[in-house]
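Report on the following structure.
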Amino acid sequence: MLNNLLYIDPGSGSYLVQVIAAAVLGVAFYFKTFVAWVKSFFGGKKNVSDKEEKINE
Amino acid sequence: MAKKSKEKQKSILKDSSYTFLKNYLNNPSPVGFESSGQKIWLDYIKPYIDSSFVDPYGTAVGIINPDEPFKVVIEAHADEISWFVNYITNDGLIYLKRNGGVDHQIAPAKRVIIHGKKGAVKAVFGWPAIHTRIGGGEKETQPKVENLFLDTGARSKKEVEDLGIHIGAVVTYEEGFDELAYGYYIGRAMDNRIGGFMIAEVARLLKENKKKLPFGLYVVNAVQEEIGLRGAEMIARRIKPDVAIITDVTHDTTTPMINKIIEGDIACGKGPSLAYAPAVHNKLLQVVQDVAAENKIPVQLRTLSRSTGTDTDSFAYANDGCPSVLISIPLRYMHTTVEMLHKNDVENTIKLMYETVLALSPKTKLSYL
């Protein structure tokens, strides 16, 4: 009886793995974007070229 | 051969002109340290002018008719983009700071000259070998000011200092003048040594053709353009000109990786470029366009807005406003060591400035209304 409860059929198993992987990646990318937005909002590090003066001809 | 000699006869440039151009181009003249170049330029122009002076920061001015109250300027800039020694490591490597808009992307493996207290010192921009670089593919390390360094051969800070190198020593590239096929010249600092050359040739032609001008002509070779048009700013206030004709380089936009929709359509060999811009005086620009049409000098038009990025801005907005115009020579690969331009454009730009100077008078109507 116990053995039956541990059984997951191959179709449902791979579906479950996909759902978990998508959730983990989705959360990770959400927070990456959010952190980047927070950094830029509070004046995070700019590109080197942004800090340099205009280049004349 | 016959064709070649015919072409040579038509040229307005003399052998002595080319000798001057090569000497002037091959001499380093970094921003803020232009004196040696200014000396070469003044020595060449002196037979063709009535008097000259040098301002406190080194801008050189040759004057024809110095007593005339109406003043016309023809101007170029004398300085050259370069680097500053900024930090010397205990291992004897040298890190740099830009002196003008020098291009970090072309620096790796270039040969340079460090202008130290004991004279010129040779060095190279070191760069890790393709085999040993950390990273690869798109993540490959890109050159930037923070990771570019010079190697003189010294292996300690003391050895570097013993060569006369100090913080603040300027660094220039080694490459000089050369010629390519089909009338192209290349070299470091064509921007804007070619301008200094062209205004000097205008003065020479006026003298040799015995032209009398109804105004004072100020032939100005300004310093410190590359760090913010500073030399022009100073000399415009000192001279207080009534009209200014500025010459500089502009981009040939026909080479790869340039968007003509943004940069316009300008090509080497098709004549000087005239810019429309708020700083460029419309009436004066029309005078130049009329002169070009009358003398069959080809010109190419472009547009600029808030800033021309040239000394035109400094002259136009100096004092109470000075009608100014920008005559540019097309150039490929600006701010690299292989700046390339066409000799026909050099001659046509000289002709256009020369004929414009002859067309001007204190009575030329430049009023907008």
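Observations
- Selection within region B:140-165 - within 11 Å of B:G116 (Cα to Cα) and open to solvent by 60 Å² or more (accessible area, probe 1.4 Å): B:E161, B:D162, B:L163
- Residues located in region B:212-225, provided they are more than 14 Å from chain A (Cβ to nearest Cβ) and assigned to a loop (DSSP other than H, G, I, E, B): B:K212, B:L213, B:P214, B:F215
This table checks each residue for (1) at pLDDT 95 or above; (2) not charged (D, E, K, R).
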| site | (1), (2) |
| --- | --- |
| B:Q9 | no, yes |
| B:P30 | yes, yes |
| B:F33 | yes, yes |
| B:G37 | yes, yes |
| B:V54 | yes, yes |
| B:N65 | yes, yes |
| B:E68 | yes, no |
| B:A76 | yes, yes |
| B:E80 | yes, no |
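- Subset of region B:116-132 [open to solvent by less than 50 Å² (accessible area, probe 1.4 Å) and not hydrophobic (A, V, I, L, M, F, W, C)]: B:G116, B:G119, B:G126
- Test: B:V243 is under 24 Å from B:T19 (Cα atoms), at pLDDT 95 or above and among the β-branched types (V, I, T): no
- Residue list for region B:335-350, filter: crowded, with 22+ Cβ neighbours inside 10 Å and part of a helix (DSSP H, G or I): B:D345, B:V346, B:N348, B:T349, B:I350
- Residue pairs meeting the criteria (Cβ under 9 Å; at least 6 apart or on separate chains; first surrounded by fewer than 24 Cβ atoms within 10 Å (Cβ to Cβ) and of a type in the set (K, R), in region B:220-248; second at pLDDT 95 or above and in a helix (DSSP H, G or I)): B:R230/B:S314
- Across region A:29-44, the number of residues qualifying as modelled with pLDDT under 70 and surrounded by 11 or more Cβ atoms within 10 Å (Cβ to Cβ) comes to 1.
- Pair list, Cβ under 8 Å, 6 or more apart: region B:115-130 residue assigned by TED's automatic domain parsing to the domain that holds B:N99 and on the phi < 0 side of the Ramachandran plot, other residue modelled with pLDDT under 95 and assigned to a loop (DSSP other than H, G, I, E, B): B:P128/B:I134; B:P128/B:T141
- Strands (runs of 3 or more DSSP E) fully within region B:137-194 counting 2 or more residues that are closer than 28 Å to B:E75 by Cβ, at pLDDT below 95 and away from chain A (no Cβ under 14 Å): none
Condition check ((1) at pLDDT below 85; (2) open to solvent by 100 Å² or more (accessible area, probe 1.4 Å); (3) not in a loop (DSSP other than H, G, I, E, B)) across all residues:
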residue: A:S12; (1), (2), (3): yes, no, yes
residue: A:Q18; (1), (2), (3): no, yes, yes
residue: A:A21; (1), (2), (3): no, no, yes
residue: A:V27; (1), (2), (3): no, no, yes
residue: A:K46; (1), (2), (3): yes, yes, no
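The values are calculated or read from the model by the stated rules, or taken from the named source; none is laboratory data. Quick caveat: nothing in here was measured; it's all calculated off a predicted structure. Virtual Cβ from ideal backbone geometry, glycine too; neighbours counted across all protein chains shown. All accessible areas refer to the heavy atoms of the entire protein, side chains included, with ligands and DNA or RNA removed. Shrake-Rupley method; radii C 1.70, N 1.55, O 1.52, S 1.80 Å.
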